[in-house]
1. Can you put 628, 562, 491 in order of Cβ neighbours within 10 angstrom, beginning with the fewest?
2. Please grab the % of Cα pairs in region 460-616 that end up more than 20 Å from each other.
3. Once the Cα atoms of region 301-370 are picked out, what are the Rg and Dmax in Å?
4. Taking square-rooted eigenvalues a ≥ b ≥ c of the alpha carbon gyration tensor, is region 337-411 rounded, prolate or oblate, where a/c under 1.5 means rounded and, failing that, a/b exceeding b/c means prolate?
5. So which of 186/595; 293/365; 365/417; 193/293; 243/595 end up more than 20 Å apart by C-alpha?
6. Rounded to whole Å and ordered largest first, report the semi-axes of the equivalent ellipsoid of region 519-575 derived from its Cα gyration tensor (root of 5λ).
7. Just order 350-357, 616-623, 275-282 by mean Cβ neighbour count inside 10 Å, highest at the front, would you?
8. Which peptide among 412-422, 164-174, 583-593 comes first, and what is the full order, when sorted by highest mean count of other Cβ atoms within 10 Å?
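Bear in mind these aren't lab numbers, they're just calculated from the coordinates by the rules spelled out. These numbers come from a predicted model, not from an experiment. No Cβ is skipped: glycine too gets one built from the backbone with ideal geometry, and neighbour counts run over all protein chains shown.
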Amino acid sequence: MVFRKLPGVSASGMGLRLSQKFVFLLFLSGLVTLCFGALFFLPDSVRLKRIFLSKNENPAVTVGSDSDARELSKKVPGDQEHQRVGLKGAEANVKLKVSRKPSVTHGARTVERSVGSRTQEDLSPARAHEQTPKDERVTTGAQHNVGFNYESFKKCLQKAPLGKDQGKPSDPQTLQRREKVKEMMKFAWDNYKLYAWGKNELRPLTKNGHIGNMFGGLRGASIVDSLDTLYIMGLMDEYQEAKEWIQNDLDLNSNGEASVFEVNIRYVGGLLSAFYLTGDEIYKQKVLELGEKLLPAFNTPTGIPRGVINLGSSGTSWGWGWASAGSSILAEFGTLHLEFLHLSELSGNPTYTEKVMNIRKLLNKIEKPRGLYPNFLSPVSGNWVQHHVSIGGLGDSFYEYLIKSYLMSDKTDEEAKRMYYSAMEAIETNLVQKSPGGLTYVAEWRGGILDHKMGHLACFSGGMIGIGADDASQENKQHYLNLAAEITHTCHESYSRTATKLGPEAFRFDGGAEAVATRLSDRYYILRPEVIESYMYMWRLTHDPKYREWGWEAVEALEKYCRVEAGFSGIRDVYSSTVSHDNMQQSFFLSETLKYLYLLFSDDDLLPFEDWVFNTEAHPLPVIRKSCQQEHNTRQTSLE
Ligand code: DMJ
């Protein structure tokens, strides 16, 4: 184009008038902004988007030591993720909805979105490579997969995992009860197999399968969750069916949106346990492949992972729609430690350990109101978002993983120990209450105001406080054991005070109420394990026969009110003996509820506590005895 200089008008060297030049520049900058903005609306697979919006944009926030600084200073995909979070409200088809109370209903939470299937392009290995951030690519499990020796690992166990006789109790009544639990497992499994094989969960009334959206397109949650239960119960035909499905049908190439927490506790936990119990390489292979897919969730400015991740090659992650200001949830990012340490063990890749140690560093450093850990934290600023504290939903398994990290480290992880006992001290000072009728309970805390409510989920704390008692200071050992017993008693009361002898989702201690649900919406029971979990721990710690009796009461109630023609179902109102079923056999019923019952009626040498800790989905993970294993490895190498 030729621009001619007009006489008498000031113009630039190009022959444009100043106003023309201004308009032209305005137009040009508008065009550039428009083009750049449009990139955000392109699908992830478009090459231009990958070039311009690379995963390496946000500077990291340094938390803690040099190695953390190194880890964090690797660049993270902040901008792209923030866009995603920012867009969420506007994305009509990405509506994350909580069916009742958010994490209070882990497992019942629903994510409203149909999971997209994987396209040809998604499957291309070249693309997967291109999309993996550089820092993750160089540390993949396969490249580090050196050094783990199953034989050495086994030699470092202090006892046989299944005991001398698979934990068979000598007392005939206990044996009979244990057989009953085994029969319940077989019944639940057979019906899942018949009507829902390969789906995530069984719908026992409509006799079909449920997929849900929690696992990002992964399938077979009930199979993965059942592997170790079937194995320890000696249901070997069923175990073989499960193993074959893992071998032939567990497809990890899913491209859906998953809860990092749920995939970790059920799939990663389930596969890890199956590997450690059997030494079968297929589980190791699968779990290392899956572990890598969770890593991009940590690509945030602080390294605190977001709650939801796309398991496909984009690895995009974002916070739950219901969590304020895109925050991450304490019980979610605080419940990765045990599994991630084992992923490092098996792969030889330190990244997993570094990721969870970074979370711990941040939590250690940040100021805690009255020593308490609030449930919501921003993965961007690393600050608390709301001051809601709870040992039930949203907070629960974070505390559990502190004490279990200490136990799983062969009692060497002093930092976890310190954090656990100071958290317990703060909880006791601020949250533990006694009702007028003498029941001990753990209330919730909302910015300094107590909510006198205890969720079913919080009932796991009887067991947790129990296993933490022995390593407390001398003067606190008995105190914690008593506290654990009192909480377990309260939780048993919440069962006793119903028509069905099964406990409600939440019970209250205000307005004259004592351990009963006062709201209609809290009356349901979805086959949850927490109360039975505490019975099992307290039985092992005290051998007080009442815990076995309470466990048996629960078996009878489950049989009477939850067993239907084709499996077990949750119920809508524990206070009514005319039951209305919710048509869902949760995968944690097979993984946790039935396993804890079986262990309750077994001898203590079945999965002995000296060698095993249970993850929050009841998958047993072995104590890591690093020096012992190294010693055996060296001995073996020198023999070869
Ligand atoms: C399980 O998936 C796990 O125990 C988790 O920690 C929370 N609760 C459900 C079962 O209630």
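1. Values: 628 17, 562 25, 491 29.
Neighbour counts put them in this order, fewest first: 628, 562, 491.
2. On the way: 6169 of 12246 pairs.
I get 50 percent for the Cα pairs in region 460-616 exceeding 20 Å.
3. Radius of gyration, then largest Cα-Cα span, for region 301-370: 13.3, 42 Å.
4. Here region 337-411 falls in the prolate category.
5. Working: 186/595 12 Å; 293/365 28 Å; 365/417 16 Å; 193/293 28 Å; 243/595 18 Å.
Beyond 20 Å: 293/365; 193/293.
6. Working: eigenvalues 115, 39, 16 Å².
Semi-axes from the Cα gyration tensor: 24, 14, 9 Å.
7. Values: 350-357: 21.0, 616-623: 23.9, 275-282: 17.6.
Highest mean packing first, the order is 616-623, 350-357, 275-282.
8. Numbers: 412-422: 17.3, 164-174: 13.6, 583-593: 26.6.
The peptides rank, most packed first, as 583-593, 412-422, 164-174.
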